[in-house]
1. Enumerate the pairs (first residue in the range 181-196 and at negative phi; second residue anywhere and in a loop (DSSP other than H, G, I, E, B) and crowded, with 19+ Cβ neighbours inside 10 Å) with beta-carbon separation below 9 Å, excluding pairs fewer than 6 apart on the same chain, so at least 6 apart or on different chains.
2. Restricting to the range 84-104, count the residues that are over 18 Å from Glu147 (Cα atoms) and touching a Phe, Trp or Tyr at 6+ places or on another chain (Cβ under 7 Å).
3. Consider Asp103 against the criteria (1) touching a strand residue (DSSP E or B) at 6+ places or on another chain (Cβ under 9 Å); (2) surrounded by fewer than 14 Cβ atoms within 10 Å (Cβ to Cβ): it satisfies all of them except one. Which criterion is unmet?
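Readers should treat all values here as calculations from the given coordinates under stated rules, not as data from a laboratory. Source: prediction; values computed, not measured. Cβ: placed from backbone, ideal geometry, glycine included. Neighbour counts: every protein chain shown.
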Amino acid sequence: MANSLLTRCLLGASLLTATAAFANNNPNNADYTGWSWSGHVDHVTIDTQAASEQWIEDTATAIGGAAEYYSSKTENTLVLGANILFYRDNAAFSQYVEDYWGDTDYTESDANAFMLFAEYGPKYRFGQNNMSFVTLRGGVSGILGSERSISNCSNCYSEDIDINGGVYGVLGIGQTLGSLDLSLQFQQYFSGDLDNTLRLKLSGAF
């Protein structure tokens, strides 16, 4: 517990130090303001004890998208997005399901959740023609509709999966490729049932 708290404090200090360094040494002179879209794939690590109590594995996959408001006048960006989280289930169940035409099938459950998130913080550009960038943000996420159930079935059995989002920090690096930005981001959680997330993200302006 003490080592985990110390690690998180050191990570927070490192983020603050990096933010100050980029703010002083890498100002972005481009003049732009607007919205961008993004799509991403996440590798999510869940707290081992929380995952065990809910009969799921401690890693999961997520896919999602977001809208990002950016302005060169402040360097800060606001990100609003959503994920579909796919758990690796250890307690799947099956039951007979009748479709619209009256046919029956023995169908197995899956375990999914819906996540909403918001992030805010600076995005610093640097390098030749400002084509590289670093993102440093704080974020918060909430997990909704987290359950073990049979998809597209209105009267089937289901079980809640009690996994919560929380507050996290984001550290990312990326490169502009033509009209698109490709980046890799690491999210470290400081509360809730998620430990960290590694995100591959593709974004572009609209």
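1. Tyr189/Gly165; Ser191/Gly165; Asp193/Gln54; Asp193/Ile163; Asp193/Gly165; Leu194/Ile163; Leu194/Gly165
2. Result for the range 84-104: 2.
3. Unmet for Asp103, out of (1) touching a strand residue (DSSP E or B) at 6+ places or on another chain (Cβ under 9 Å); (2) surrounded by fewer than 14 Cβ atoms within 10 Å (Cβ to Cβ): (1).
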